[in-house]
1. What strands (runs of 3 or more DSSP E), lying completely within segment 150-260, carry at least 2 residues that are among the acidic types (D, E) and touching a strand residue (DSSP E or B) at 6+ places or on another chain (Cβ under 6 Å)?
2. Suppose we keep only residues that are buried (at least 21 other Cβ atoms within 10 Å of the Cβ) and charged (D, E, K, R) within segment 251-309. Which one would you say is farthest from E351 (Cα to Cα)?
3. Tally up the residues in segment 187-204 that are among the acidic types (D, E) and within 16 Å of the ligand (Cβ to nearest atom), please.
4. If I ask for residues that are part of a loop (DSSP other than H, G, I, E, B) and hydroxyl-bearing (S, T, Y), which ones from segment 261-309 would you list?
5. Among what's in segment 82-105 and is under 18 Å from R279 (Cα atoms) and not hydroxyl-bearing (S, T, Y), pick the residue that is nearest to the ligand (Cβ to nearest atom).
6. Go through segment 11-59 and give me each residue that's more than 24 Å from G216 (Cβ to Cβ) and charged (D, E, K, R).
7. Which condition number does E37 fail, the rest of (1) out of contact with any Leu (no Cβ under 7 Å at 6 or more places or on another chain); (2) of a type outside the set (A, V, I, L, M); (3) at pLDDT 95 or above being met?
8. Only one of (1) polar (S, T, N, Q); (2) under 19 Å from V161 (Cβ atoms); (3) free of Cβ contacts under 8 Å to residues at least 40 places away in the same chain is not met by N285, so which one is it?
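The values are calculated or read from the model by the stated rules, or taken from the named source; none is laboratory data. Everything quoted here is computed from the prediction, not taken from an experiment. Using ideal geometry, Cβ is built from the backbone for each residue, glycine included, and neighbour counts are taken over all protein chains shown.
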Amino acid sequence: MRTTIPQFEPYLGQEEIFQVNEVLRSGWITEGARSQEFVKRLVALTGARYVSLAPNGTLALYAALKLLGIREEDEVIVPDFTFLASATAVVLTGATPVFVDVDSATFNILPELIEPAITKRTKAIMPVHIYGQAAKMDAILDIAKRHNLKIVEDAAQGIGVSYKGRHVGTFGDFGCLSFFADKTITTGEGGAVLTNDPGLAEAHLYFRNQGRLERGSFIHPRLGYNFRLTDVQAGIGLAQLDKLAEIVEMKRKNEHFYRELLAEVNQVTFPTVDRDSERVPFRVNILVADPEKLGGFLEARKIGVRRFFYPIHRQPCFNGHNSRVSGVIQNSVRAFEHGLSLPSSARLRTEEIRYVCAAICDFFAGTHVPSR
Ligand SMILES: Cc1ncc(COP(=O)(O)O)c(C=O)c1O
């Protein structure tokens, strides 16, 4: 057993090293053949008609919002329980994020709270598939249709996740993936923009490549920017995609084992699984009375843990000037107050999971276990 059990670590190996070596040897390190191949593989995996790469998930969301025409006077509805970037991508466009509460059991946006949040300024909804579990897309699509709103899905944590058999990120006008180091598969930094709309797909190609479709030309028909990735990252992405099924299986197996070992511990509950979603446990999450105290206890035993996301409406960077809160927000606050993410790597070993669960049992039994 390792001396420290990390909260998360990427699942990297010789295959990624081989890819990076090959790219460096080839002399072509910006976007090239591997990026094209990575895109093709993402199309095949997600079923989206069009995929293009982005520098990271945050800028993928920003590009998507921008291409849908979101601007200063607009509002975008965002769940209050998510990583900050869902909301800051909205702020980057000049628009106002409007925070609504989430489901107490799944932490995904509550569709019934979306409609009361809609004003004349509302232009889009951003469902987030939080912790690798799909948001209630049927209801969200229905609301968007009735109110003529755009949808940008934040599927940063959602690779491999589907809703009623369809990959997340393919329901809205755009869907965005992240390949940050803590994601199910990673390229270090990286992201992807998914859409089924040929016009939006083409607009994104111009946007991300300095306003032109071909590289090397100095004639720029449109205004565009540099939102490209590199073949070094795409090569890593290809190696990671080869392992996705294996990673997902291990993550599911690990979570199942945690659930089994902690089933008798009354002080620990696991969040609810939504049967409409084919979930990939992005994190192994538990709910306890005092996650700070339990977290400190586990950290002292060299077990890496993480608190849940801090409610966005309480973030010090947000205030009445650049955001708005709709309705009462309780579940997002409760999730933060009680949630704890346990070690969640795909490569966790059985004895490590046993060790973590034994430590949790000791904590609740009030007994002392010597730290390693
Ligand atoms: C829900 C969510 N949205 C957006 C992002 C932003 O992605 P990135 O870190 O690639 O910019 C992340 C992850 O970091 C995330 O978890």
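1. Once the strands (runs of 3 or more DSSP E) in segment 150-260 are filtered for at least 2 residues that are among the acidic types (D, E) and touching a strand residue (DSSP E or B) at 6+ places or on another chain (Cβ under 6 Å), what remains is 150-154.
2. Ranking the qualifying residues of segment 251-309, first place goes to R279.
3. Summing the residues that are among the acidic types (D, E) and within 16 Å of the ligand (Cβ to nearest atom) in segment 187-204 gives 1.
4. Within segment 261-309, just T272 meets the criteria.
5. Among those that are under 18 Å from R279 (Cα atoms) and not hydroxyl-bearing (S, T, Y), it is V102.
6. Scanning segment 11-59 gives E15, E16, R41, R49.
7. Result: E37 fails condition (1) only.
8. Of (1) polar (S, T, N, Q); (2) under 19 Å from V161 (Cβ atoms); (3) free of Cβ contacts under 8 Å to residues at least 40 places away in the same chain, only one is false for N285: (3).
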